[in-house]
1. Which pairs, out of Lys34/Lys226; Lys143/Lys226; Lys54/Lys141; Lys38/Lys143; Lys34/Lys236, put more than 21 Å between their alpha-carbon atoms?
2. FRET efficiency for Glu177 and Gln210, Cβ-Cβ distance as r, R0 = 25 Å, nearest 0.05?
3. What number, in percent, do you get for the relative contact order of the stretch 95-183 if the mean sequence gap of Cα pairs under 8 Å and at least 6 apart is divided by its residue count?
4. FRET efficiency for Glu31 and Asp138, Cβ-Cβ distance as r, R0 = 35 Å, nearest 0.05?
5. For the pair Ser221 and Thr122, what calculated FRET efficiency results from E = 1/(1 + (r/R0)^6), where r is the Cβ-Cβ distance and R0 = 30 Å, to the nearest 0.05?
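None of the figures in this text is laboratory data; all of them are computed from the coordinates on show. The structure displayed is predicted, hence computed values, not measured ones. Cβ sites come from the backbone with ideal geometry, for glycine too, and all protein chains shown count toward neighbours.
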Amino acid sequence: MRRIATIILMSMVLSACSSLVNSVQQTAQAEFQKFLAKKFGQQLEIGIDSVIGKLAMIGGYLDDPLVRILLPPPLGLAIGIARDLHKNPQATLLETLINRAAENTIPVAGPVLKNIVNNMDTPSLENLLNAGNTAATDYLKEKGSAAVQAALLPAITEELHATGAIELYSKLLKARETADQITATAAGVRQQIETAQQQAATMQTVTQEQLGQYAAEKAMSGLFKKVSDEELSIRKILE
């Protein structure tokens, strides 16, 4: 009888010990997840600074094919075809001015995005950490796009006015309208230009007044592409 009682007692002790071990493990795991979540938030803020810093450098947009802002339609399409035949210094200058404007003004987005991360609680950061690879970027885009746009649009528009980019864009639009009336005679070019004109007809032309909006949207799009890349790098570090 005593032996049975001893066995039962030992079973109860072992069961209690097992439950205690499981509880300790769960607590430790939960604390580790909280640590990783906080680390994730810290690294996101650092990553945003890094992304903004690189984009704000000379060539941050212009020299990076992933985020370079091309001339808006339909001008960009027409110039793109002509570029194979002869250089267009004014078009090249305009593209440079638009990208420089993005580089000079994108720092205004930094505080907006960092403030969103800084105001997130630990459970929210945990949810993002355990979600998809671009969950944090998607969250920043959802919560911060309007605020980034509000900060970026007036700054980039002012920059485009100051450098003469908007006036130059207007001149190039008028030049394109004139060029459309000229019959192409070079072999193989006529069909290309006719195709370009058909494609351009289906596009919404970015007017002189809309150039700032176009540049701001493209600059913001490039920013989130880079933030997404940064998020993937952070996740690999925390694995």
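1. Details: Lys34/Lys226 26 Å; Lys143/Lys226 17 Å; Lys54/Lys141 19 Å; Lys38/Lys143 19 Å; Lys34/Lys236 17 Å.
Where the Cα-Cα span goes over 21 Å, the pairs concerned are Lys34/Lys226.
2. On the way: r = 17 Å, r/R0 = 0.67.
About 0.90, to the nearest 0.05.
3. Numbers: 34 pairs, mean separation 38.6, N = 89.
The value is 43 percent.
4. Details: r = 27 Å, r/R0 = 0.77.
Working from the Cβ atoms, E equals 0.80.
5. Numbers: r = 30 Å, r/R0 = 1.01.
Using R0 = 30 Å, I get an efficiency of 0.50.
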